[in-house]
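The values are calculated or read from the model by the stated rules, or taken from the named source; none is laboratory data. Worth saying up front: this structure is predicted, and the values here are computed from it rather than measured. When we count neighbours, we look across all protein chains shown, and the Cβ atoms used for this are built from the backbone with ideal geometry, even at glycine. These area figures cover heavy atoms from the full protein model, side chains too; ligands, DNA and RNA do not enter into them. Shrake-Rupley method; radii C 1.70, N 1.55, O 1.52, S 1.80 Å.
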Amino acid sequence: MIDEKKMCIFVRMKHEYDKLLKAIEKETGYKMQTPRDFEWLSENVEKRTKEHLSDSTLMRLWGYRPSVTTRLTTLDILSRFLGYADYVTFSQWYSKNKEDQSDEVLASHLSTKELEPGTKLVLTWYPERRCVVQLREDGSYIILEAENTKLSVGDTFQCELFIDGEPLYMNQLVHEGRPPMVYVAGKINGIRFAYFPEESETEAEDSQTEDSTT
């Protein structure tokens, strides 16, 4: 049974949850400004969480319509859209990670500018997600293989830098013909990258193996 007291908890100061709104805009790649933006967000929140938030509720939350209070349950649903159990969990994560926001990158990393068009990379992340991507002439990537992930073969995206053990933010991801979005892979544990072994190299290894056995 739903706790009626919890259902009636209100968060009265917008700055208390402004960090959540910014996180959603970063996740979706959209600056929520027009009625169509909020209709799109309402549809996608329901697709991902199976819970409904109307576009008018979202517009009030962002301050585009008059609103005195915001229900905690609304913030819980938006937090689940981002992958957190509820708003309290999101707030705890935010408080923990807002410290030490700047540091040099010591992990292995790879810049798109260093790669030649046609280069293939293997991207993996927990749990058992795997993609093979190829750099195109225009500087974007196309997904050639996709295993155990929401991404699909044929999806395209842009990415300037791959960092081992860090989340991968795919900008301008076009997924199955939908409008471009921002997608993050390996949000918690980061991704791993490696060059895709070329067929010629694989064939050479097979040939060496056969020669050694004859």
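The set of residues from the stretch 158-190 being in a strand (DSSP E or B) and over 12 Å from the mean Cα position of the chain (by Cα) comprises GLN158, LEU161, PHE162, ILE163, ASP164, VAL174.
Scoring ARG129 on the criteria (1) closer than 28 Å to LEU82 by Cα; (2) touching a strand residue (DSSP E or B) at 6+ places or on another chain (Cβ under 6 Å); (3) at pLDDT 90 or above leaves a single failure, condition (2).
Residues in the stretch 175-195 that are surrounded by 13 or more Cβ atoms within 10 Å (Cβ to Cβ) and either at pLDDT below 90 or on the phi > 0 side of the Ramachandran plot (or both): 3 in all.
For the structure I just gave you, tell me whether ARG71 is modelled with pLDDT of 90 or more and of a type in the set (Lys, Arg). Here the answer is no, as ARG71 does not meet what is asked. Note on the stretch 120-148: residues that are on the phi > 0 side of the Ramachandran plot and over 16 Å from the mean Cα position of the chain (by Cα) total 2.
Residues checked against (1) modelled with pLDDT under 90; (2) touching a strand residue (DSSP E or B) at 6+ places or on another chain (Cβ under 7 Å):
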position	(1), (2)
PHE10	yes, yes
LYS19	yes, no
ALA23	yes, no
GLU43	no, no
THR49	no, no
HIS52	no, no
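Condition test on PRO35, is it loosely packed, with under 14 Cβ neighbours inside 10 Å, at pLDDT 85 or above and not β-branched (Val, Ile, Thr)? It is true that PRO35 is loosely packed, with under 14 Cβ neighbours inside 10 Å, at pLDDT 85 or above and not β-branched (Val, Ile, Thr). When each of GLN134, GLN172 is tested for being of a type outside the set (D, E, K, R) and open to solvent by 70 Å² or more (accessible area, probe 1.4 Å), the lone residue that passes is GLN172. The single condition among (1) surrounded by 15 or more Cβ atoms within 10 Å (Cβ to Cβ); (2) charged (D, E, K, R); (3) at pLDDT 90 or above that GLU166 does not meet is (3). Checking each residue in the stretch 19-41 for being under 22 Å from SER91 (Cα atoms) and not in a loop (DSSP other than H, G, I, E, B) picks out LYS19, LEU20, LEU21, LYS22, ALA23, ILE24, GLU25, LYS26, GLU27, THR28, LEU41.
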